[in-house]
Amino acid sequence: MMTEAEYHSPSKAMTLLVVLFAGVLALFAVSLIMTDFYKLKTVIYTPNPYMTEEILLEQMGIRKENNIVFLMSEHILEQQLLTHPFIEQAEVTKILPGGLDVKLIYRTPFFSIYNSGFYILLDESLRVLGVDPSEPEAVGVSGFRFREFKIGQKIKVENQQILERTVDLVILMKKSHLAFSNVIEYKDDSVFVQTQDGIRGSFGEVENVERRFNDFVVIYESLKEKGTTTGLIDVSTEGLPTFKPFDQ
């Protein structure tokens with residue numbers, strides 16, 4: 001028979017408290033699971049034409065009505081977002097009781113290549129960001145025949161090195177005070193650009209691109225002073241640049 005001293009011993013009382021506390025925690029956990037109070041209802045995210053709430057949730061591997069308390073950690077959600085080719089940086093914050101705040105920095109389409117009814121979007125590293133049925137604002141490139149492309153990976157084309165050097169050319173064009181059209185053509189073993197007032201430039205295989213671009217600008221400025229708005233500035237060779245007034 002248990003004595004009164006044994007019944008009131010500290011160890012027995014402590015055990016009883018632990019059991020009671022565990023029971024309270026269990027009831028609290030069950031209430032969190034069962035209640036709608038902590039279910040995901042609102043997602044705030046940085047807008048982008050190529051991102052929707054549906055894509056965002058799928059990328060994180062969650063859905064509306066998930067219990068936000070038991071969601072994966074914010075770090076894991078961020079890492080899953082970074083596997084999307086358009087997302088460069090991600091910061092996720094849980095907002096209790098039922099929201100997520102997702103701050104995103106996106107990669108910007110730099111090139112677009114038209115292919116059979118849609119445009120392949122590339123960043124500066126020529127990584128494929130996605131496809132778009134509508135013509136994007138990115139610089140359109142034509143004439144390069146691609147071998148294969150996979151979203152999230154670098155595109156593979158014939159004349160790969162020329163396309164890579166064309167990236168450097170476009171960067172110079174964007175930094176320049178000149179206004180260029182948004183289309184670049186690779187034709188007859190040369191990369192062609194055009195200013196908005198109609199003068200074209202032939203850059204060959206785009207080797208020594210800075211020198212060739214500077215030569216183009218010097219000749220263009222001279223032509224502009226004379227009022228010339230048509231013709232071809234040929235900087236495609238290692239020799240002296242030339243101007244062909246009839247773009248032949």
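The values are calculated or read from the model by the stated rules, or taken from the named source; none is laboratory data. Quick caveat: nothing in here was measured; it's all calculated off a predicted structure. Note: ideal-geometry Cβ built from the backbone for every residue, glycine included; neighbour counts use all protein chains shown.
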task = Please name all residue pairs, on different chains or six or more residues apart, with Cβ atoms under 9 Å, provided the first residue is in the range 221-240 and is loosely packed, with under 10 Cβ neighbours inside 10 Å and the second residue is in a loop (DSSP other than H, G, I, E, B).
result = none
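Every residue, every condition in (1) in the same structural domain as G140 (by TED's automatic domain parsing); (2) out of contact with any strand residue (DSSP E or B) (no Cβ under 6 Å at 6 or more places or on another chain); (3) surrounded by fewer than 19 Cβ atoms within 10 Å (Cβ to Cβ), yes or no:
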position	(1), (2), (3)
T46	no, no, yes
E58	no, yes, yes
R63	no, yes, yes
V69	no, yes, yes
H75	no, yes, yes
T83	no, yes, yes
F86	no, no, no
I95	no, no, yes
Some residue of the range 219-226 being within 23 Å of G140 (Cα to Cα) and either in the same structural domain as N182 (by TED's automatic domain parsing) or touching a helix residue (DSSP H, G or I) at 6+ places or on another chain (Cβ under 7 Å) (or both) = yes
note = Of the residues in the range 68-127, those that are more than 14 Å from the chain's Cα centre (by Cα), closer than 23 Å to Q161 by Cβ and touching a residue at least 40 places away in the same chain (Cβ under 8 Å) come to I113
Unique residue being outside the structural domain of V206 (by TED's automatic domain parsing), in contact (Cβ under 8 Å) with a residue 40 or more places away in the chain and exposed (fewer than 15 other Cβ atoms within 10 Å of the Cβ) when the list is E148, E137 = E137
key: Out of F192, F180, sole residue that is of a type in the set (F, W, Y) and over 25 Å from the mean Cα position of the chain (by Cα)   = F192
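Residue by residue, here is whether (1) in a helix (DSSP H, G or I); (2) assigned by TED's automatic domain parsing to the domain that holds E88; (3) touching a helix residue (DSSP H, G or I) at 6+ places or on another chain (Cβ under 8 Å); (4) more than 26 Å from E221 (Cβ to Cβ) holds:
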| residue | (1), (2), (3), (4) |
| --- | --- |
| G152 | no, no, no, yes |
| L163 | yes, no, no, yes |
| I171 | yes, no, no, no |
| L178 | no, no, yes, no |
